[in-house]
């Protein structure tokens, strides 16, 4: 069954495999997987996005990213989405943005919605949608459990990464690494403090988006800590990302909010690199304490774990990634969901869970 799927990203974030955002990376992986499997793939995303299928670009919002800028972007998305549905024969629309309610299409085309963020970050009405043929997906078992038991969630499809792009190296460098969006909730300043206590340098990769709060966080808490060998690298492309993760003693994830998933943790393990993370959300499911990394509660414990990172078996990390974090498995489950949505054969959430999860 050949499908045409319209994946819709967040209106303020470009889609690419190197974007510092898990939702955008997952969308890019799905787009490439659909094309590779012979399906039709259309992507609605801000201009400058990179995809394998047909890109429908919307104007890239100018800095700073204020409430007014977000409102303009959402208005553009509503118009572009309506035009795409009128122009193309689309079987399924797949929405990824936290603000998807602002441009949710009218009934008539099946819609899949992936919740990439903690359930409490979404309006309550997200979990009680009455729109026909609308299928809500969580990305981890923790995320599903943290939602209300009455939430209309159809299944869990865990994220995956491109394992062939991330391979272990024989030699580790004398540094630790953190990667992601540079914003207060990610807590990267705490990783820098832990690295300083452990006596190693930290290399921080990621993007500072033009939100005033994000920029203030960088200037007030990150920039003053760029000493003792710590460096801010900015956005890192796939090749550099791979070498940084593979060469690091460990990856540090000091997130201050519950993470629903972590692509960079999966990528690090695929590189044979242990993960040291705060005990938050799905990180408790991703990291096996003492086997593929360490789960910690504060800066002092993170510093101690950095010193113990050499005890973790690199080959075990790689095997864990191969058995659990393949993007191919994720793509197959989404395609199965698309097919059932297009056929309107999804009768009950329990049946879907049996098939996909």
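The values are calculated or read from the model by the stated rules, or taken from the named source; none is laboratory data. Predicted, not measured: the structure shown is a model, and the values here were computed from it. All Cβ positions, even for glycine, are placed from backbone atoms using ideal geometry, and neighbour counts span all protein chains on display.
All of (1) in contact with a helix residue (DSSP H, G or I) (Cβ under 6 Å, 6 or more places away or on another chain); (2) in the same structural domain as residue 269 (by TED's automatic domain parsing) hold for residue 138 with one exception: (2). Can you find a residue in the stretch 124-136 that is under 18 Å from residue 21 (Cβ atoms) and crowded, with 16+ Cβ neighbours inside 10 Å? No, that holds for no residue.
Against the definition (outside the structural domain of residue 266 (by TED's automatic domain parsing), part of a loop (DSSP other than H, G, I, E, B), within 18 Å of the chain's Cα centre (by Cα) and buried (at least 17 other Cβ atoms within 10 Å of the Cβ)), how does residue 33 come out, yes or no? It is false that residue 33 is outside the structural domain of residue 266 (by TED's automatic domain parsing), part of a loop (DSSP other than H, G, I, E, B), within 18 Å of the chain's Cα centre (by Cα) and buried (at least 17 other Cβ atoms within 10 Å of the Cβ).
With respect to residue 253, determine if the residue is buried (at least 21 other Cβ atoms within 10 Å of the Cβ) and either outside the structural domain of residue 186 (by TED's automatic domain parsing) or within 20 Å of the chain's Cα centre (by Cα) (or both). Yes; evaluated as a whole, the condition is true for this residue. The single condition from (1) loosely packed, with under 13 Cβ neighbours inside 10 Å; (2) over 27 Å from residue 286 (Cβ atoms) that residue 149 fails is (2).
For (1) over 23 Å from residue 13 (Cβ atoms); (2) out of contact with any helix residue (DSSP H, G or I) (no Cβ under 9 Å at 6 or more places or on another chain); (3) assigned by TED's automatic domain parsing to the domain that holds residue 337, each residue gets a yes or a no:
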site	(1), (2), (3)
58	no, no, yes
102	no, no, yes
119	no, no, yes
128	yes, yes, yes
132	yes, yes, yes
156	yes, no, yes
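Against the conditions (1) buried (at least 21 other Cβ atoms within 10 Å of the Cβ); (2) touching a strand residue (DSSP E or B) at 6+ places or on another chain (Cβ under 8 Å), where does residue 258 fall short? Just the number, please. Of everything listed in (1) buried (at least 21 other Cβ atoms within 10 Å of the Cβ); (2) touching a strand residue (DSSP E or B) at 6+ places or on another chain (Cβ under 8 Å), residue 258 misses just condition (2). Scanning the stretch 182-225 for residues that are surrounded by fewer than 16 Cβ atoms within 10 Å (Cβ to Cβ) and either touching a helix residue (DSSP H, G or I) at 6+ places or on another chain (Cβ under 8 Å) or modelled with pLDDT under 95 (or both) gives 197, 210, 212, 213.
In the stretch 72-110, the qualifying residues are those that are within 23 Å of the chain's Cα centre (by Cα) and without any contact (Cβ under 8 Å) to a residue 40 or more places away in the chain, and the one that is nearest to residue 257 (Cα to Cα) is 101.
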